Amino acid sequence: MSASQQSYENNYSSEERVLADHLIGLEKAALEKWFKGDTSGYERLWSTRSFTYFDAVVTERVDDHETIKKFLDSIRGKLFAENFEFRSPRVQAVKDMAVLTYQLFSKTNLIDMEYNVVEVFQKEGNEWRVIHSTWSFIRPMDKKFSDTIV
């Protein structure tokens, strides 16, 4: 755990700690299924009411659950990994919304995954659902900036 992670976690109230643990648990449970070829964890976690999605391999935003479900259906039973690393999770929350950020690493049967992940949660009734998800590659900057830009 990084020093900055320890610092913000020290500021959690007991309720915030419970919420952070809950949301991280929901995400890890979906990932456990994901790496066994089972997309149902994300299909249930991602909101059917209001959902958007960005991925490093998609050129446009996905704007609804129906479209992302087609993607999930297309990879169901095809992606497998023996393990994954869920690094540096952080939850920032207000009232009925929360943002979970983390880094994900895994060597799967299809690709080596190295992602920065952002999950925006909203409480829908008594359940927390992801209303926006972004998966972006972790990589060095491709662009060259002049030395004058700091």
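Of note:
- Selection count, the stretch 72-97, where residues are surrounded by 11 or more Cβ atoms within 10 Å (Cβ to Cβ), among the charged types (D, E, K, R) and under 23 Å from residue 123 (Cβ atoms): 1
- Number of the condition not met by residue 92 [criteria: (1) in contact with a strand residue (DSSP E or B) (Cβ under 8 Å, 6 or more places away or on another chain); (2) part of a helix (DSSP H, G or I)]: (2)
- Selection of the stretch 1-60 for residues being polar (S, T, N, Q), assigned to a helix (DSSP H, G or I) and modelled with pLDDT under 95 yields 4, 5, 6, 7, 10, 14.
- Scanning the stretch 43-89 for residues that are out of contact with any strand residue (DSSP E or B) (no Cβ under 8 Å at 6 or more places or on another chain) and aliphatic (A, V, I, L, M) yields 57, 58, 72, 75, 79.
One line per residue, one yes/no per condition, for (1) in contact with a Lys or Arg (Cβ under 9 Å, 6 or more places away or on another chain); (2) within 14 Å of residue 128 (Cβ to Cβ); (3) surrounded by fewer than 17 Cβ atoms within 10 Å (Cβ to Cβ); (4) of a type in the set (A, V, I, L, M, F, W, C):
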position: 11; (1), (2), (3), (4): no, no, yes, no
position: 23; (1), (2), (3), (4): no, yes, no, yes
position: 47; (1), (2), (3), (4): yes, yes, no, no
position: 51; (1), (2), (3), (4): yes, yes, no, yes
position: 65; (1), (2), (3), (4): yes, no, no, no
position: 68; (1), (2), (3), (4): no, no, no, yes
position: 107; (1), (2), (3), (4): no, no, yes, no
position: 115; (1), (2), (3), (4): no, no, no, no
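- The residues of the stretch 81-90 that are hydrophobic (A, V, I, L, M, F, W, C) and within 11 Å of the chain's Cα centre (by Cα) amount to a single one, 86.
- Any hit, the stretch 118-131, residues being modelled with pLDDT under 95 and buried (at least 17 other Cβ atoms within 10 Å of the Cβ): no
- The set of residues in the stretch 49-90 being among the hydroxyl-bearing types (Ser, Thr, Tyr) and in contact (Cβ under 8 Å) with a residue 24 or more places away in the chain consists of 50, 52, 53, 88.
The values are calculated or read from the model by the stated rules, or taken from the named source; none is laboratory data. Please read these numbers as outputs of a predicted model, since none were measured by experiment. Don't worry about glycine lacking a Cβ; one is built from the backbone with ideal geometry, like all the others, and counts go over all protein chains shown.
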